[in-house]
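Quick notes on the structure that follows.
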Amino acid sequence: MKPRRVGMSRGYEEMDGANVPRPPGTTPAAGAAASNGSSVGSLTGVAGTAAPIAAGTMLAGAAPEFELASVSVVPDDTYTVTQAVNALGFGWFQVKLSLCVGLCWMADSMEMTILSVLGPALHCDWGISRYQQALVTTVVFLGMMLSSTFWGHLSDRYGRKPALTLCGVLLFLYGLLSSVAPSFGWLLLLRGLVGFAIGCVPQSVTLYAEFLPTKQRAKCVVLLDCFWALGACFEVALALAVTPTLGWRWLLGLSAAPLFIFAIITPWLPESARYHVTSGQSDKALATLEQIAKDNRRPMLLGRLVVEGPSGSRGSLKALLGSSLRRTTLLLWFIWMSCAFCYYGLVLMSTELFGGKNKTMVSGEDMMSPDCQPLATTDYMDLLWTTLAEFPGIFATIYVIERFGRKKTMALQFLFYAGCVLMITVTEVRIFLTIILFMARGVIAGLFQAAYVYTPEVYPTALRSVGVGGCSALARLGAMATPYIAQVLFQSSIWSAVAVYGIFAACASVACMLLPYETRGADLAH
């Protein structure tokens, strides 16, 4: 750091301790109250008259402390968290964070994917109806919806790390207890609590995005979906290995294993440097940035860490609906709701399509029969193939989202999804049906991650967690409704069910184009 030259100005917001103390009995330099905040080469004497001096000169007979009191010594170079993260680049620090956050994402995926297998298993074991199967899915998303804003406020008030630590512990506890539920009522309660804890998982994406350089942010957040796809594939494979022999209870218990691992490693998660800065803990933010520099083997920036913008009240849901963000927030709420409605609807429809055809060929009994036909090995394999579609969907999204931008990418993906689901009604050949579901699953998986890229970018730091949390809450509302379309209406009219998904996807495509901001290549909003 070096003293600023007289007459030069630079806009910045100083942290505590940046001002030089002035000895008693002296007065500030004339013009120090000027709006540009620059140093002025003049001194005010005891009599109050101004005597101009040249830069770097000292009045004869003046005490040294008198000169220091008159010429402010401030850093010529300052930097923000965004500038530091961009300068320190992508390295070992982000790789470690990717693995930690990816494990959380994988555990979330397993808890979601298990819903498509749990309903048919409970129908065989406890004889529950279609509406009760849909209720098992709905109660999970109800818990997620009710908790999303809660976790957002908790993250903004106490930090991302404490919220994720509590989330990991609760998820493992309730997931394990679900495996020993004595009745259907207890299972509903425990799965609802699992959903409540899952509501915090989107905060891991917020934490992750805040440590990513601008150029790599979209690519890395979309690649995070690889862990989701991996978790979904692992859950289907685990169900194939465990459910036919050991039953659904063992499946629930073993599915909680990644949650246990995540709960153990959360104390080593870094806290968001942006959160520390906006909450006035600049020393902790600086320590985190120094750790990034050390892990990435980059030189630490010289100068003073400053606040990126005004740090007003944080975590205000009312601010999301303010005049500057109202349109963006309402459109994002609808987009997220449609995205979850379409994604989980496709997951549940896949089970109904494969399992339903198996039941028709084997038993010919209606859906309310107390008898059941468990998912066969071929059903699990087809589910696995359609789940694997998420990987090419992810990589295609990485290319398209940087080439055409966030808004156009999401709009095109919604339209492509609508075309795919409508094609379900034109064929009953299993191989063609698998191909159609493969394409639809890939595009909707990539779309979900595109929304996760865009949302943290469009909200300022002070509202980022509550903004993502609010969108997640509306997404759960769509997911709560989708079982009654994919599992109930689908059984009576396939055409009606797919038409509902097609209409929602088309409307969401229009909403994407109406978003006021394109965030491709932009820094995280201040």
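The values are calculated or read from the model by the stated rules, or taken from the named source; none is laboratory data. Small disclaimer: the values here were computed from a predicted structure and weren't measured. Cβ sites come from the backbone with ideal geometry, for glycine too, and all protein chains shown count toward neighbours. In case anyone asks, the SASA skips ligands and DNA or RNA and just uses the protein heavy atoms, side chains included. Shrake-Rupley method; radii C 1.70, N 1.55, O 1.52, S 1.80 Å.
Tabulated data for the structure shown
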read-out	value
Pairs, first aromatic (Phe, Trp, Tyr) in the stretch 501-515, second open to solvent by less than 70 Å² (accessible area, probe 1.4 Å), C-beta under 6 Å, six or more apart	Tyr501/Cys342; Tyr501/Gly345; Tyr501/Val421; Phe504/Ser338; Phe504/Phe341
Qualifying residue in the stretch 496-507 (condition: under 20 Å from the mean Cα position of the chain (by Cα) and within 12 Å of Leu346 (Cβ to Cβ))	no
Test: residue in the stretch 294-310 that is assigned to a loop (DSSP other than H, G, I, E, B), in contact with a Gly (Cβ under 8 Å, 6 or more places away or on another chain), surrounded by fewer than 20 Cβ atoms within 10 Å (Cβ to Cβ) and at pLDDT below 65	no
Subset of the stretch 460-472 that is of a type in the set (A, V, I, L, M) and open to solvent by 10 Å² or more (accessible area, probe 1.4 Å) - its residue that is nearest to Thr82 (Cα to Cα)	Ala462
Residue match in the stretch 477-489 (condition: without any contact (Cβ under 8 Å) to a residue 40 or more places away in the chain, more than 23 Å from Ala197 (Cβ to Cβ) and more than 23 Å from the chain's Cα centre (by Cα))	yes
Checklist (1) open to solvent by 10 Å² or more (accessible area, probe 1.4 Å); (2) under 24 Å from Phe354 (Cα atoms) applied to Leu477, failing item	(2)
Flag if Leu193 is touching a Gly at 6+ places or on another chain (Cβ under 9 Å), modelled with pLDDT of 90 or more, more than 17 Å from Ala451 (Cα to Cα) and open to solvent by 10 Å² or more (accessible area, probe 1.4 Å)	yes
Positions within the stretch 490-500 being free of Cβ contacts under 8 Å to residues at least 12 places away in the same chain and assigned to a helix (DSSP H, G or I), in sequence order	Ser492, Ser496
Residue in the stretch 78-89 that is touching a residue at least 40 places away in the same chain (Cβ under 8 Å), touching a strand residue (DSSP E or B) at 6+ places or on another chain (Cβ under 7 Å) and not in a loop (DSSP other than H, G, I, E, B) present	yes
Some residue of the stretch 452-469 being out of contact with any Gly (no Cβ under 6 Å at 6 or more places or on another chain), assigned to a helix (DSSP H, G or I), among the polar types (S, T, N, Q) and under 16 Å from Val400 (Cβ atoms)	no
Among (1) open to solvent by 10 Å² or more (accessible area, probe 1.4 Å); (2) in contact (Cβ under 8 Å) with a residue 40 or more places away in the chain, the one test that Arg403 misses	(2)
Within the stretch 277-293, considering residues that are touching a residue at least 24 places away in the same chain (Cβ under 8 Å) and part of a helix (DSSP H, G or I), the one most open to solvent (accessible area, probe 1.4 Å)	Gln291
Long-range neighbours under 8 Å by Cβ, at least six apart or interchain, first residue touching a residue at least 24 places away in the same chain (Cβ under 8 Å) within the stretch 422-450, second open to solvent by 20 Å² or more (accessible area, probe 1.4 Å) and not in a helix (DSSP H, G or I)	Leu433/Thr427
Long-range neighbours under 6 Å by Cβ, at least six apart or interchain, first residue within 12 Å of Arg464 (Cα to Cα) within the stretch 155-167, second modelled with pLDDT of 85 or more	Ser155/Ala163
Residue among Phe438, Phe448, Phe414 that is in a helix (DSSP H, G or I), more than 22 Å from the chain's Cα centre (by Cα) and either closer than 25 Å to Ala486 by Cβ or basic (Lys, Arg) (or both)	Phe438
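For every residue, the table says whether it meets (1) in contact with a Phe, Trp or Tyr (Cβ under 7 Å, 6 or more places away or on another chain); (2) open to solvent by less than 10 Å² (accessible area, probe 1.4 Å); (3) under 20 Å from Ser255 (Cβ atoms).
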{"position": "Arg160", "(1), (2), (3)": "yes, yes, no"}
{"position": "Val180", "(1), (2), (3)": "no, no, yes"}
{"position": "Leu187", "(1), (2), (3)": "no, yes, yes"}
{"position": "Ala197", "(1), (2), (3)": "yes, yes, yes"}
{"position": "Leu207", "(1), (2), (3)": "no, yes, no"}
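Condition check ((1) over 22 Å from the mean Cα position of the chain (by Cα); (2) open to solvent by 50 Å² or more (accessible area, probe 1.4 Å)) across all residues:
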position: Thr113; (1), (2): no, no
position: Leu118; (1), (2): yes, no
position: His123; (1), (2): yes, no
position: Ile128; (1), (2): yes, no
position: Tyr131; (1), (2): yes, yes
position: Leu135; (1), (2): yes, yes
position: Asp156; (1), (2): no, no
position: Leu164; (1), (2): no, no
position: Leu171; (1), (2): no, no
